[in-house]
Structures are given as structure tokens and as C-alpha cells.
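**Q** Quick one: structure below, then a few questions.
Nothing in this text is a laboratory measurement; each read-out follows from the coordinates by a stated rule. Keep in mind the model is a prediction, meaning the values are calculated, not measured. Quick reminder, even Gly has a Cβ in these numbers, built from the backbone with ideal geometry, and neighbours come from all protein chains shown.
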Amino acid sequence: MVSEASGDETRRRRRATTEVKQGLRELGAELTLLNRQVGSRLGLKDIDLDCLDLINTHGPLSPTALARRAGLHAATTTGVLDRLERAGWVARDRDPADRRASLVRALRDRNAELLELFAGMNSSVEQICADYDDAELERLAGFLRRTADAGRNAAEGLAGK
């Protein structure tokens, strides 16, 4: 009887793990669609929006650092930055530590446009989080951080880093 209960627990855990993986795939697909809609409204390509998010989150960044974070070739990054600069989303400044280099920074006055387009999703996430207590939210946040790290490590592995 002990082995049968243990087998049931193993199956339940396997099924739950499969559901988590499926949920992450669905989430990834839905966020991709959301980002595509936001990008379309702003006249930005998917990769432009991704790079803008990286600059907003980690910037100012050198073009090389942005290319590395985004997993892009330098020439592709230059094209992305040219489009973002022309559209008024970023500015390139001289790096104070190395006058030959440049740093890319987001122009924060445009962030209100982004926030407005993501407001529906942000509001929904706030409502979802309200259903969890503080300890559960910390556990979920830890899971998401670890999952993001796993994705980054897998991407770096595929890139041969």
C-alpha cells in the first residue's frame, strides 16, 4: 500500500510539473502577443521593444552590452538603436569613463506611453497577486526569478557561452 501511495504522489507531482511547464509556455506565447500588440501601436518591431525594455531595466548601456544582453549581432543592434533613436525612445551619449565610447539611455518622458499600453496587464496582475498572501508571493517571485535564470542559462548554452 505504501508503494501505491508513493506511485500516486509521483504521478501527481509529474502531472503538476508538466502543468507548470505548459503554463510557462502559454504565458510566454501570450506575453509575446501582448508585446507584439504594444509594439504595433508604437510602431516598433518586437526586437526594438525588447531592447527598449533592456535599456529601461539595465541602462544606460553600451551598444555592446545591449547586444550581449539581447543576444544580438552588433550590426543588428545598431539598426535597432537607430530606429529607437529616430522614434525618440533613446539617446546615445558619450561614456564619461571613455570618451570614445557611447552609452544608450532611455528617454523617460516616453515611458507613460508604454505604461498606458501595459496598464490592462499590470492591473490584472495586481488583481491576481491580491489572491496570495505575502509568503506565497515571495515564493512565486522566487520561482519566476529562478525560471528566468534557467531561461538565460539555456540561451547562453545554445549560444555557446
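**Q** What are the residues whose amide H is under 5 Å from the amide H of S102, where those residues sit 5 or more places off or on another chain and H is modelled from the backbone?
**A** For S102, the qualifying residues are D95.
**Q** Then there is this: Tell me, what is the FRET efficiency for D134 and E30 to the nearest 0.05, using R0 = 25 angstrom and their Cβ-Cβ distance as r?
**A** Efficiency, rounded to the nearest 0.05: 0.40.
**Q** Further, regarding this structure: Please compute the length gained on full extension between Q37 and V20, using 0.36 nm multiplied by the number of residues separating them and subtracting their Cα-Cα distance.
**A** 3.6 nm
**Q** If you don't mind, another one. Quick check on the range 120-161: take the gyration tensor over C-alpha atoms, sort the square-rooted eigenvalues as a ≥ b ≥ c, and tell me if it's rounded (a/c under 1.5), prolate or oblate.
**A** Note, shape of the range 120-161 comes out oblate.
**Q** So how compact is the range 12-123: Cα radius of gyration and Dmax in angstrom?
**A** 16.8, 59
**Q** Which order do peptides 122-135, 90-103, 37-50 fall in by mean Cβ count within 10 Å, highest first?
**A** Result, highest mean first: 37-50, 90-103, 122-135.
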